[in-house]
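A.B. asks: Structure below; questions to follow.
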Amino acid sequence: MIQTSGVIICLSYIIGLLFTAIPWGGAWILILGIVGAIFLRRRYLISRKLAQKPENGQGKTKGVLNTWQSSPHPRIWLAAGLVGLLATLYFQWRVPQPGAKDISQFVPPGNSSNQEQVVIVRGEVASNPRLTRSHRGQFWLEATQLDEVKNEKGSAGVPKGVTGKLYVTVPILQATGLYPSQQIAVTGILYKPKAASNPGGFDFQKFLKQEGTFAGLIGRQINVLEQERKWGWWQIRQRIVRSQVRSLGIPEGPLVSAMVLGSKAVDLPYDIRDLFVQAGLAHALAASGFQTSLILSVILQLTKGTKKGTQFTLGFLALVIFLSLTGFQPAVLRAVIMGFAALVGLLLKRKVKQLGSLLLAATLLLLFNPLWIWDLGFQLSFLATLGLVVTVPAIIERLGWFPPAIASLIAVPLAATIWTLPVQLFVFGVVPTYSLLLNVVSTPLISIISIGGIISAIGALIFPEVGSFLAGLLHYPTDWLIKLVEFFSNLPGNSVAVGSISTWQLLTIYGLIILVCLVRWWQRQWWFASLIAVGLVIIPLWHSANTLFRVTILESGTEPIIVIQDKGTVTLINSGDEGTGRFTILPFLQQQGINQINWAIATDFQSNESNGWLELVQRLPIKNFYEYSPKPENSTVTQAIQEELQKHQGSYQPLAVDQAVQTGSIVAQLINNELPILKLQILDQNWLLVGNIKSQEVQQLVKNGSLPRPEVLWCDPQALKNLVLALQPKVAIASTSNFDENTLSELNKSKTKLFFTGRDGAIQWSPDREFEAFIEASENQASIL
């Protein structure tokens with residue numbers, strides 16, 4: 001009875017935290033508790049009477065007692081509802097909010113490139129520097145003092161005492177040699193992080209808020225104020241990494257360190273990180289239960305002949321040291337708590353139920369930090385472990401015709417995939433096609449590298465040379481693992497975008513998984529549940545691909561990037577600069593379940609080469625590629641891009657002026673020989689994309705009648721006023737976040753509806769809906785929640 005009540009209370013707390021995603025979630029779970037108490041009260045009374053009735057035979061008495069134990073008292077359900085309500089309130093109380101002296105309160109409003117306020121921020125380094133994708137050093141800074149620079153000579157104003165944590169990026173040479181607890185002064189520009197501007201884009205504001213940070217600092221220079229080094233776990237971590245890198249080199253050294261300490265504690269090169277993530281092997285880079293199990297196994301084997309108390313003490317110390325080295329990550333905390341529960345069971349000579357210890361670990365962690373309920377790492381770690389506990393035995397039983405070792409090798413990654421794939425589809429919308437096979441094949445190599453990495457780490461703590469020697473023995477296994485992952489990543493169709501599934505699809509799929517685990521009929525008909533789950537993903541995707549017509553103007557800040565979804569035919573116009581293809585266009589296409597681009601049009605809207613195409617053709621096949629550039633030597637299609645097109649049997653054609661390119665229901669045409677102007681006929685609407693031209697050129701084109709009057713206009717911000725007044729479109733779109741208030745007030749008097757992608761984010765239109773700004777739609781949805 002006590003165990004059942006504890007499970008109900010723990011689950012109600014976790015469900016209460018999940019209910020924070022819906023309006024009045026706390027009230028709903030309280031109502032559910034009251035309804036449960038009312039409807040289950042009769043069952044409780046009947047079971048209690050049966051329990052009190054004398055029975056003939058011990059077997060019957062035992063069965064009745066089991067029935068009584070399965071019927072908790074109604075007050076337990078009331079308590080569960082109340083706990084769920086309190087969980088929602090506790091979550092809201094723990095949501096980080098900037099204080100009155102938080103440094104984010106001192107960020108100048110509307111800070112832009114032409115209104116930069118240089119500041120000097122003093123504080124304490126809170127992390128080791130890491131390399132960003134833009135090749136800058138990044139670290140966290142606990143701010144204590146803020147000075148505003150008053151003039152070019154660098155004189156500062158009156159210093160202000162501040163609090164809060166900053167996300168700081170500086171030139172890589174400035175970050176070299178920094179270490180935690182160091183007192184420094186950083187000169188740079190404060191800014192507030194932006195929310196996601198495009199569907200599927202990275203929400204930088206949300207990411208920093210989860211870390212309790214509300215501002216960032218683009219640093220230019222660092223002055224070290226204190227050279228004294230204080231002891232910290234980072235020194236031991238650094239000693240291990242350096243020892244392993246010394247003998248293995250890069251990328252093998254950081255990879256081995258990441259497989260031991262986790263990628264969050266090690267600055268792993270992004271190309272290796274992306275390679276493992278794309279192949280579906282990201283869990284190999286995360287410190288979690290696998291390393292914890294290895295550590296406990298080694299400790300228990302080495303102390304096999306000692307007392308249970310000695311084994312418990314040494315195992316506990318090993319777990320604490322491992323936890324400290326990895327940086328107190330949620331997944332590691334979960335694994336350590338479960339490892340500690342196993343040690344307690346060993347000490348008390350009692351068998352520990354893994355499911356119970358997992359539920360206890362999740363509850364304790366969420367009591368410590370309820371915000372982790374929405375941490376993707378915590379969710380995947382919890383679900384993968386749940387799959388190992390409840391699903392692996394059933395899978396091994398069905399694979400009984402395999403040798404036990406082979407069956408276990410297949411069952412473990414399969415069970416983890418079953419429980420984690422729905423969340424991955426909800427967040428990313430991508431299925432790594434060969435993930436299961438790669439996990440099975442790579443498990444021996446991962447085990448060897450992890451065990452060897454832990455042994456070499458122990459050796460590095462004693463003598464760095466010993467650690468380097470032991471790590472050197474892992475060169476070939478590590479090299480083979482990298483080549484294996486590269487092989488699977490280069491296979492055709494290595495990842496398939498199915499689109500981000502909705503909440504109801506996510507809940508239905510998990511409902512089916514739970515039914516298969518708990519109900520005997522569904523266990524026998526597991527194949528039927530699998531078909532339903534696959535249909536829930538595939539059928540909505542198929543229906544959307546064959547019926548959806550939508551135009552999306554993505555926010556890129558450089559040129560008009562337009563994605564047109566025309567009932568299964570996808571047209572992409574322009575790709576932006578380097579990084580735009582990977583971080584703006586690809587996430588959007590993946591969210592929409594798009595696996596190829598049928599038509600691509602590259603125009604000369606930028607003076608520099610548009611490198612986003614190279615990032616795209618390396619990941620997605622492009623069937624027809626049209627490119628226009630008045631200067632062939634500055635062509636955006638490099639030799640590498642043409643080679644990638646040929647791999648997927650894509651065609652490349654130059655785009656001539658006045659040449660009409662028809663892509664499904666869309667007709668695209670360049671209408672000017674010198675200035676970048678593209679005309680689009682989208683259904684019954686005329687769209688006009690006008691590049692960077694001067695106001696005098698605009699007036700001349702309008703006077704000559706070279707610019708047709710469009711319903712929708714995209715143009716450079718500098719030409720917006722003249723073009724809107726001259727052409728009077730119904731909708732005008734410009735890529736900017738700041739616009740002159742007087743000019744904006746004048747334009748608002750016209751009948752043209754204005755959108756600014758820098759302010760409004762991506763703009764979407766479909767025939768049955770008006771133009772919609774992504775940021776406004778997201779804010780409206782958030783305000784409802």
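The values are calculated or read from the model by the stated rules, or taken from the named source; none is laboratory data. Only a predicted model underlies this, so the values are computations on that prediction, with no experimental measurement involved. Cβ atoms come from the backbone with ideal geometry, glycine included; neighbour counts cover every protein chain shown. Just the protein is used for accessible areas: all its heavy atoms, side chains included, with ligands, DNA and RNA removed. Shrake-Rupley method; radii C 1.70, N 1.55, O 1.52, S 1.80 Å.
A.B. asks: Angle check, please: helix 74-94 long axis (alpha carbons) against the longest principal axis of the chain (alpha carbons), in degrees 0 to 90, nearest 10.
C.D. replies: 40 degrees
A.B. asks: Hey, another quick one. Using the Cβ atoms and a cut-off under 9 Å, what net charge is assigned to the surroundings of Ile184, where Lys and Arg are +1 and Asp and Glu are -1?
C.D. replies: Details: positive: Arg122; negative: Glu124, Glu226.
It works out to a net charge of -1.
A.B. asks: A follow-up question, please. Give, in nm to one decimal, the length gained when the segment between Phe528 and Ile671 is fully stretched (0.36 nm per residue of separation minus the Cα-Cα distance). If you can, show how the numbers build up before the last one.
C.D. replies: On the way: separation 143, 0.36 × 143 = 51.48 nm, distance 5.64 nm.
So the chain would gain 45.8 nm between Phe528 and Ile671.
A.B. asks: Quick check on the chain: take the gyration tensor over C-alpha atoms, sort the square-rooted eigenvalues as a ≥ b ≥ c, and tell me if it's rounded (a/c under 1.5), prolate or oblate. It would help to have the intermediate numbers written out before the result.
C.D. replies: Numbers: a/c = 1.71, a/b = 1.47, b/c = 1.16.
In terms of gyration-tensor shape, prolate.
A.B. asks: Next up: Calculated from DSSP H runs of 4 or more alone, at -39500 (n - 2.57) each and per residue, what is the 222 nm mean residue ellipticity of the chain, nearest 500?
C.D. replies: On the way: 31 runs with 394 residues, N = 785.
Per the formula, -16000 deg cm²/dmol.
A.B. asks: Separate question: Return the distance in nm (one decimal) between the two label points of a simple spin-label model at Gln642 and Gln205, each offset 7 Å from Cα along Cα→Cβ.
C.D. replies: Each label point is offset 7 Å from its Cα along the Cβ direction, giving 4.5 nm.
A.B. asks: With label points built 7 Å along Cα→Cβ from the Cα atoms of Ala405 and Asn742, find their separation and express it in nm.
C.D. replies: 8.2 nm
A.B. asks: Sorted by mean Cβ packing within 10 Å, highest first, what order do the peptides 264-273, 517-526 take? Walk me through the numbers before you get to the answer.
C.D. replies: Working: 264-273: 17.7, 517-526: 12.4.
Peptide ranking by packing, descending: 264-273, 517-526.
A.B. asks: Does anything in the range 480-513 have its amide N under 17 Å from the 7 Å Cα→Cβ label point of Val427, and if so which residues?
C.D. replies: Zone members listed by number: 498-503, 506-507, 510.
A.B. asks: Right, here's the next one. Ser544: net charge of surrounding residues, Cβ under 12 Å, Lys/Arg +1, Asp/Glu -1, itself excluded? Show your work: numbers first, answer last.
C.D. replies: Details: positive: Arg550, Lys567; negative: none.
Its environment carries a net charge of +2.
A.B. asks: From the phi of every residue in the range 308-314, what ³J(HN,Hα) in whole Hz does the Karplus formula 6.51 cos²θ - 1.76 cosθ + 1.60 yield, where θ is phi - 60° and glycine or proline is x?
C.D. replies: 4, x, 5, 4, 4, 5, 5
A.B. asks: How much net charge surrounds Gln764 when only other residues with a Cβ under 9 Å from its Cβ are counted (Lys, Arg +1; Asp, Glu -1)?
C.D. replies: Working: positive: Arg550, Arg769; negative: Glu772.
The answer is +1.
A.B. asks: Roughly speaking, what is the centre-to-centre gap between the range 255-273 and the range 393-410 when only Cα atoms are used, to the nearest Å?
C.D. replies: Between the Cα centres of the range 255-273 and the range 393-410 lies a distance of 31 Å.
A.B. asks: Relative to the longest principal axis of the chain, what angle (0 to 90°, nearest 10) does the C-alpha long axis of helix 252-261 take?
C.D. replies: For 252-261 against the chain, the angle is about 50 degrees.
A.B. asks: Suppose the chain between Glu776 and Tyr270 were pulled fully straight at 0.36 nm per residue; how much longer would it get relative to their current alpha carbon spacing?
C.D. replies: Additional length available on full extension: 178.9 nm.
A.B. asks: For the ranges 80-93, 210-223, what's the packing order if you count other beta-carbon atoms within 10 Å of each residue, average per peptide, and put the highest first?
C.D. replies: On the way: 80-93: 19.7, 210-223: 18.2.
Result, highest mean first: 80-93, 210-223.
A.B. asks: Counting only protein heavy atoms, what percent of the accessible surface of the chain is carbon or sulfur at a 1.4 Å probe?
C.D. replies: On the way: 23670 of 39840 Å².
C and S fraction of accessible area: 59 percent.
A.B. asks: Right, something else. Label Asn223 and His73 with points 7 Å out from Cα along Cα→Cβ: what is the distance between them in nm?
C.D. replies: Placing both labels 7 Å beyond Cα along the Cβ direction yields 6.7 nm.
A.B. asks: With a 10 Å radius around each residue's Cβ, average the other Cβ atoms per peptide and rank 246-254, 612-620, highest first. Spell out each step's value before the answer.
C.D. replies: On the way: 246-254: 19.1, 612-620: 21.8.
The packing order, highest mean first, is 612-620, 246-254.
A.B. asks: Turning to a different aspect of this structure: Take the residue pairs Lys307/Lys353; Lys160/Lys194; Lys623/Lys721; Lys567/Lys647; Lys230/Lys264 and return only those whose Cα atoms are more than 29 Å apart.
C.D. replies: Values: Lys307/Lys353 23 Å; Lys160/Lys194 25 Å; Lys623/Lys721 38 Å; Lys567/Lys647 26 Å; Lys230/Lys264 22 Å.
Table pairs above 29 Å Cα-Cα are Lys623/Lys721.
A.B. asks: By how many nm would the segment from Arg769 to Ile250 lengthen if fully extended, with 0.36 nm per residue of separation less the alpha-carbon distance? It would help to have the intermediate numbers written out before the result.
C.D. replies: Working: separation 519, 0.36 × 519 = 186.84 nm, distance 5.20 nm.
Contour length minus the Cα-Cα distance gives 181.6 nm.
A.B. asks: Please list, in order, the residues from the range 212-232 whose amide nitrogen is less than 16 Å from a point placed 7 Å along the Cα→Cβ vector of Asn369.
C.D. replies: Residues 212-214 fall inside that zone.
A.B. asks: Using Cα atoms only, what is the angle between the long axis of helix 233-248 and the major principal axis of the chain, expressed in degrees (0 to 90) to the nearest 10?
C.D. replies: The answer is roughly 80 degrees.
A.B. asks: Which whole-number value in Å³ per residue fits the convex hull of the alpha carbons of the range 244-307?
C.D. replies: On the way: hull volume 6.3 nm³, N = 64.
Convex hull volume per residue, Cα atoms: 99 Å³.
A.B. asks: Give, as ranges by residue number, the residues of the range 252-289 whose backbone N falls under 13 Å from the point 7 Å along Cα→Cβ of Gln618.
C.D. replies: What the label zone holds, given the 13 Å backbone N cut-off, is 270-275.
A.B. asks: With a Förster radius of 25 Å, plug the Cβ-Cβ distance of Ser447 and Ile236 into 1/(1 + (r/R0)^6) and report the FRET value to the nearest 0.05.
C.D. replies: On the way: r = 24 Å, r/R0 = 0.97.
The calculated FRET efficiency here is 0.55.
A.B. asks: Taking the Cβ-Cβ separation of His543 and Ile22 as r and a Förster radius of 41 Å, what is the calculated FRET efficiency to the nearest 0.05? Provide the component values of the computation, followed by the final result.
C.D. replies: Details: r = 26 Å, r/R0 = 0.63.
Once the sixth-power term is evaluated, E becomes 0.95.
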